[in-house]
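Structure record follows, encoded as structure tokens.
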């Protein structure tokens, strides 16, 4: 089962909404534990909840998640990636200070990209609905690093492990939708997704017999259609 997230708000509903944003999930996909009564926050007009994804994955789903890899990037010199990681860390530190947000920034490198992670309480604001704010923040960070270093930046940004949790969720939905499309004999359109999540769908269904996938639509409405073959 996935690690839970803790969020707070003025009401229980607001706290749950923030937790759902952090998980990239809907309320029917999670288990909620209300912490306000345990911690005494209720007396101060605050609500606090612990929320975790329900783990409904099969062994096949778990195997696919373990084997999944990020979209491959061209090989970049190690010293360039190190410089990009440091520049991204400095940029985000300054941005978080300006926004008066309590968060830690850590950066590492792989052979293909600089991996930057933000951790801290109540970072749902920086994730946004289905990761939309996180995607925008990643692009802003890339642009800032590219401008500073004068070279293309290969940076993957995550917040509190959101992308890993979201990946499992998207893979599970993709395979469930593929089974429905195959059974009904009719194409099934998924919700609009980012390019990163559309690739997850295409990859997770590459070995799913009886269906094919295609991307349709423009801009923010671009989505994956699963069609029976």
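The values are calculated or read from the model by the stated rules, or taken from the named source; none is laboratory data. Bear in mind the structure is a predicted one, so any value in this text is a computation, not a measurement. Please note: Cβ atoms are built from the backbone with ideal geometry, for glycine as well, and neighbour counts cover all protein chains shown.
One residue stands out among those in segment 194-224 that are surrounded by 18 or more Cβ atoms within 10 Å (Cβ to Cβ) and touching a strand residue (DSSP E or B) at 6+ places or on another chain (Cβ under 6 Å): the one that is nearest to residue 134 (Cα to Cα), which is 198.
For residue 174, the criteria (1) more than 14 Å from the chain's Cα centre (by Cα); (2) part of a helix (DSSP H, G or I); (3) more than 16 Å from residue 195 (Cα to Cα) hold in every case but one, which is (3). Condition check for residue 132 on (1) in contact with a helix residue (DSSP H, G or I) (Cβ under 8 Å, 6 or more places away or on another chain); (2) closer than 30 Å to residue 17 by Cβ: one failure, at (1).
Inside segment 135-169, residues that are part of a helix (DSSP H, G or I), in contact with a helix residue (DSSP H, G or I) (Cβ under 8 Å, 6 or more places away or on another chain) and at pLDDT below 90 make up a count of 8. Can you confirm whether residue 20 is in a helix (DSSP H, G or I) and either at pLDDT below 80 or over 18 Å from residue 145 (Cβ atoms) (or both)? Yes, satisfied. Just one of the listed residues (157, 169) is within 17 Å of the chain's Cα centre (by Cα), closer than 21 Å to residue 81 by Cβ and in contact (Cβ under 8 Å) with a residue 12 or more places away in the chain, namely 157.
Restricting the search to strands (runs of 3 or more DSSP E) fully inside segment 30-120 and requiring at least 2 residues that are surrounded by 11 or more Cβ atoms within 10 Å (Cβ to Cβ), under 20 Å from the mean Cα position of the chain (by Cα) and at pLDDT 90 or above gives 104-109, 114-119.
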